[in-house]
Amino acid sequence: MEKQYKIAVIGLGYVGLPLARLFATKYPVVGFDINQKRIEELRAGNDSTLEVESDVLRSVLVQQNPFIKNEKGFFASADLNDIHDANIYIVTVPTPVDKHNRPDLTPLYKSSETVGKVLSKGDIVIYESTVYPGVTEEECIPVLEKISGMKFNEDFFAGYSPERINPGDKEHTVEKILKVTSGSTPEIGEVVNNLYKSVIVAGTHLAPTIKVAEAAKVIENSQRDINIAFVNELAKIFNLLEIDTHEVLKAAGTKWNFLPFKPGLVGGHCIGVDPYYLAQKAQENGYHPEIILAGRRLNDSMGQYVASELVKCMIKKNININGGQVLNLGITFKENCPDVRNTKAVDVISGLEDYQLQVTTFDPWANPEEVKHEYGLSIVNEIPKQKFDAIILTVAHKEFINLNLKDYLKENGVIYDVKGILADCDSRL
């Protein structure tokens, strides 16, 4: 059956493109995205997310729809007709939260409508987007049934295989991360599992149901969120006690089973979002999750906390706060990655501006147009030739590690290290 697979990947972002590229080494794959600009750059062999190197992408690119001759390769398209002949549809769209931190399933609904328009008898629709347990069967499947006019588990089938992409990580790439799989029937579960097993060298784990697979994904990042919240709280305590948090963690880490989490800003499209999905489902079923939401509240408060700590350091050095000049290093949600989704660096900037500080943000990785569109903030791609009252490192890009920050600092200035990577600083989280 492997030779008959024709795979359509819906959504060509940080998750969809690496997956489509991987499947294209063995199967005919069409990647579908509504962003025409994205389609054009991919057809030219370029990936602005930097997840897939140009030579790797070009090695699987084909110039016409590979479904026509049933030959392996990757073709990017914004034309719905190009995915009509697929028999495997993999949905990899974002699952964000709204301004009230409630799950926003709009991208899933829209992509399900798209797939429903081209669905044929016997097709399998696999979702990879992070959701709370029940979304695939209770929210997405009804849309597929309504648009296609077909019946679930009779005319078409479904699966769920949660994405485990780590943006910017060139070591743990998609094929090297063990994949959880599931299907809407035991037989379809085996088909889905074998499909992924054929390209994932790290292996697969077949979950007994779709809901188990959904729940497994959402707790992975909830667990990390809670652990980071714990060390963030420790940092607040130890700062009050004038103890170096990083030295405490280093000492505690000498025990074999101590978990090596570090304090910091928790943003991005997973850890800072997924716990809200689980909390929403819990509340719908009459349970108020104490620990999950407490961790979220603490981590969401860290941007303002960091800003206030920097201001305290400046006051101690008698630096004028109103109108003071601050250089902020980094705005992406993590190091060595251009992804600015749900970055908490903007909370630090906002907090500093609340004190009437003038903030200049330098980030060699971020796209200034994207930052302006998403947050209304202007950034620079090189450090201005001036002296600043304070420098704050919020993202540990490799370019920052060897910078001589004192070249950009006034004589009495402050260096604050959020990430704990600088050898010489006045204070750190």
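Listing for the model above:
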{"item": "Search result, residues across the stretch 282-299 that are without any contact (Cβ under 8 Å) to a residue 24 or more places away in the chain and not polar (S, T, N, Q)", "result": "Ala282, Glu284, Gly286, Tyr287, His288, Pro289, Glu290, Leu293, Arg297"}
{"item": "Flag for Ser59 being more than 20 Å from the chain's Cα centre (by Cα), under 14 Å from Leu17 (Cα atoms) and of a type outside the set (Asp, Glu)", "result": "yes"}
{"item": "Out of Lys334, Lys281, Lys312, sole residue that is of a type outside the set (Gly, Ala, Ser), at pLDDT below 95 and more than 21 Å from Glu399 (Cα to Cα)", "result": "Lys281"}
{"item": "Sole residue being surrounded by 22 or more Cβ atoms within 10 Å (Cβ to Cβ), β-branched (Val, Ile, Thr) and not in a loop (DSSP other than H, G, I, E, B), chosen from Val306, Val248", "result": "Val306"}
{"item": "Selected residue [among the β-branched types (Val, Ile, Thr) and not assigned by TED's automatic domain parsing to the domain that holds His373] from Val231, Val311, Val306, Val273", "result": "Val231"}
{"item": "From the options Gly272, Gly295, Gly323, residue that is surrounded by 21 or more Cβ atoms within 10 Å (Cβ to Cβ) and outside any helix (DSSP H, G or I)", "result": "Gly272"}
{"item": "Filter result for the condition that a residue is under 21 Å from Ser161 (Cβ atoms) and of a type in the set (Val, Ile, Thr), over Val231, Val306, Val248, Val212", "result": "Val212"}
{"item": "Odd one out for Asp33 among (1) without any contact (Cβ under 8 Å) to a residue 60 or more places away in the chain; (2) under 22 Å from Leu178 (Cα atoms)", "result": "(2)"}
{"item": "Residue ranges of strands (runs of 3 or more DSSP E) in the stretch 330-429 with at least 2 members under 25 Å from Lys312 (Cα atoms) and within 23 Å of the chain's Cα centre (by Cα)", "result": "358-362"}
{"item": "Matching residues, the stretch 5-42, being surrounded by 24 or more Cβ atoms within 10 Å (Cβ to Cβ) and either of a type in the set (S, T, N, Q) or part of a strand (DSSP E or B) (or both)", "result": "Ile7, Ala8, Val9, Ile10, Pro28, Val29, Val30, Gly31, Phe32"}
{"item": "Residue in the stretch 109-145 that is nearest to Ala213 (Cα to Cα), counting only those that are touching a strand residue (DSSP E or B) at 6+ places or on another chain (Cβ under 7 Å) and among the aliphatic types (A, V, I, L, M)", "result": "Ile126"}
{"item": "Qualifying positions in the stretch 56-108 - in contact (Cβ under 8 Å) with a residue 60 or more places away in the chain and of a type in the set (A, V, I, L, M, F, W, C)", "result": "Phe67, Ala76, Ile83, Ala86, Ile88, Ile90, Val91, Val93, Val97"}
{"item": "When residues of the stretch 76-103 are limited to those that are part of a loop (DSSP other than H, G, I, E, B) and of a type in the set (Gly, Ala, Ser), the one nearest to the chain's Cα centre (by Cα)", "result": "Ala78"}
{"item": "Selected residue (only one of Asp363, Asp389 is crowded, with 20+ Cβ neighbours inside 10 Å and without any contact (Cβ under 8 Å) to a residue 60 or more places away in the chain)", "result": "Asp363"}
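The values are calculated or read from the model by the stated rules, or taken from the named source; none is laboratory data. Computed from a predicted structure; not experimentally measured. Cβ sites come from the backbone with ideal geometry, for glycine too, and all protein chains shown count toward neighbours.
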